[in-house]
Amino acid sequence: MATENIMRVNLKVWRQAGPKEKGAFVTYENVETTPDTSFLETLDILNETLVEKGEEPIVFDHDCREGICGMCSLYINGHPHGPATGATTCQLYMRRFKNGETITVEPWRSAAFPVIKDLMVNRNAYDQIQQAGGYVSFNCGGAQDANAIPISKEIADEAMDSATCIGCGACAAACKNGSAMLFVSAKVSQLALLPQGKVEAAARAKAMVAKMDELGFGNCTNTGACAAECPKNISLSNIARLNREFLCAKFKD
Amino acid sequence: MNLFILNSSIGRKLVMSITGLFLVLFLTFHMCMNIVALFSAEAYNMICEFLGANWYALVGTAVLAAGFIIHIIYALVLTIQNRKARGNDRYEVTSRPKSVEWASQNMLALGVVILSFLALHLYHFWAKMQLVELQHMAGTNVDTSMVTNGAYYIQQTFSNPVNVVLYLIALCALWFHLSHGFWSALQSMGLDNKTWFNRVKNIGIVYATILVGGFAIVVIAFFIKSLCCAA
Ligand code: HEM
Ligand code: SF4
Ligand code: FES
């Protein structure tokens, strides 16, 4: 490691021993890292020093570390997944920050995402919504000849864009209303746009919205903070589609 | 339909958006009517007469009041539920992304400003016009000579600079409420897509500007008139 590349940051991190425990910020000063080190690796480095000192390491969620699994979270300097747009926390590098900067790291804060420990929150609520209807229940058979079911490029692209949602929870974490609408709308859209998914679209929209409401997520007031912070740039037009699907389904009942 | 307008989040938003757009429609008529006062006091007073204490106007007033009440009750319920969904633990650092409009996060506060203004406004006009007519119909001994002289009350109200300032503040709040509310209502009803997204937003802002501008012109015009006449 060339010395000129070393940078130091102060990490102000939320520490909380357990779900019922009272948490507080602890500032770790002069954590040594480099601009090309990822944010999570910087936390790893800090954790190693904590372990060496016999202290509890900071608990945070992560898995793939390449932006596809949706496990990483963290609310960094006022933004879920940090200041970068269209990127997850695991794709965030220290070059985004200034040498000597104090970086505030908080867990997702939403009533439906209770803290488990430190920066790790329980995002089981999103799994429950997905399980309520985010699938196709019948057998669609094996892979078809691509020409057998014609789908326009436009629709295919839109469905693919919706399907890139990784279920990370940043949308609800960013929302002042604690609303899960961006996630639910992406999951409803990715299927509603395509022929096999369309068959159960109405029932799916009703079931997933009912679960979302039951779990205590808020009412969307279209602030758009979710889409602005979403690491996958899921668009607000998905929410309009969900509203449409849901309202049409209810009026038909 | 099993009461989804009460017990589902999207159903509640539908009520919010329909009542909101209904109020926008009302404001559109109200603004057009006010513009008439700029040109002719007699014509304006004729409209006032037409909208006096007759059954059509009374039913209209009742429906309008219901629109306001439902919009406000739902606004309160939604806001309370949303605060609960957010939880008790707040973020230490918050930073509003550039694309998030300030108005969208302060709809209730803007609504409360509009509501306080509404009380003042009813006191300035309705209480001196339709209400007096109603009292008269109920047999109370009141002076009804002025109940359709809206033009007089406009001049009286806007000769007072305090009222002018209060009305303009309320109109600003209304502009912000609608700059978000208009497109938000269409989005809530599901009438939006990628192509129309920015168009709907811009239409909403242009519409809010025309609406609020129309009201503001009347306030300012009568204030200027009062200054000229006084001089
Ligand atoms: C002339 C008066 C008013 C008009 C024209 C109006 C119009 C609107 C419209 C069009 C919306 C958008 C609906 C949606 O997002 O689906 C809205 C939302 C809202 N209004 Fe009003 N409104 C008025 C008065 C009020 C008052 C008096 C209050 C509260 C005391 C209020 C509180 C709200 C709130 C909190 C929202 C956001 C709710 C949400 O989006 O879920 N409004 N309004
Ligand atoms: S919509 Fe975006 S922010 Fe919300 S869960 Fe999916 S990827 Fe995460
Ligand atoms: S760790 Fe998998 S998306 Fe960040």
Mind listing just one residue for me: the one in the range A:181-209 that is open to solvent by less than 10 Å² (accessible area, probe 1.4 Å) and more than 21 Å from the chain's Cα centre (by Cα) and, of those, farthest from A:ILE155 (Cα to Cα)?
-> A:ARG204
Which one of B:THR19, B:THR61, B:THR79 is more than 10 Å from chain A (Cβ to nearest Cβ), touching a residue at least 24 places away in the same chain (Cβ under 8 Å) and within 13 Å of ligand 1 (Cβ to nearest atom)?
-> B:THR19
Determine if the range B:86-104 includes at least one residue that is more than 10 Å from ligand 1 (Cβ to nearest atom), in contact (Cβ under 8 Å) with a residue 24 or more places away in the chain and surrounded by 15 or more Cβ atoms within 10 Å (Cβ to Cβ).
-> yes
Would you point out which residue out of B:GLN187, B:GLN156 is assigned to a helix (DSSP H, G or I) and at pLDDT below 95?
-> B:GLN156
Which is within 8 Å of chain A (Cβ to nearest Cβ) and surrounded by 12 or more Cβ atoms within 10 Å (Cβ to Cβ), of B:LEU27, B:LEU14?
-> B:LEU14
Of all the helices (runs of 4 or more DSSP H) wholly in the range A:140-253, which have at least 1 residues that are within 12 Å of chain B (Cβ to nearest Cβ) and touching a residue at least 60 places away in the same chain (Cβ under 8 Å)?
-> A:153-163, A:170-174, A:181-192, A:201-214, A:225-229, A:237-252
Inspect all residues belonging to the range B:93-109 and state whether any of them is over 22 Å from B:MET16 (Cα atoms) and of a type in the set (Asp, Glu).
-> no
Every pair of residues 6+ apart whose Cβ atoms lie under 8 Å, when the first sits in the range A:57-78 and is without any contact (Cβ under 8 Å) to a residue 12 or more places away in the chain while the second is assigned to a loop (DSSP other than H, G, I, E, B) and within 13 Å of ligand 2 (Cβ to nearest atom) | A:ASP63/A:CYS69; A:ASP63/A:MET71; A:ASP63/A:CYS72
Conditions (1) basic (Lys, Arg); (2) free of Cβ contacts under 8 Å to residues at least 24 places away in the same chain; (3) more than 9 Å from chain A (Cβ to nearest Cβ): number failed by B:LYS128 | (2)
Hey, B:TYR44 more than 8 Å from chain A (Cβ to nearest Cβ), farther than 30 Å from A:LYS211 by Cβ and not small (Gly, Ala, Ser) or not = yes
Do you know which of the residues in the range B:161-203 that are open to solvent by 60 Å² or more (accessible area, probe 1.4 Å) and β-branched (Val, Ile, Thr) is farthest from ligand 2 (Cβ to nearest atom)?
-> B:VAL162
Determine whether the range A:70-86 contains at least one residue that is out of contact with any strand residue (DSSP E or B) (no Cβ under 6 Å at 6 or more places or on another chain), within 12 Å of ligand 2 (Cβ to nearest atom), more than 12 Å from chain B (Cβ to nearest Cβ) and over 24 Å from A:PRO35 (Cβ atoms).
-> yes
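The values are calculated or read from the model by the stated rules, or taken from the named source; none is laboratory data. If you're wondering where the values come from, they're calculated on a predicted model, not measured in any experiment. Every residue, glycine as well, gets a Cβ built from its backbone with ideal geometry; the counts of neighbours run over all protein chains shown. Keep in mind that these areas ignore ligands, DNA and RNA; they rest on the heavy atoms of the full protein, side chains included. Shrake-Rupley method; radii C 1.70, N 1.55, O 1.52, S 1.80 Å.
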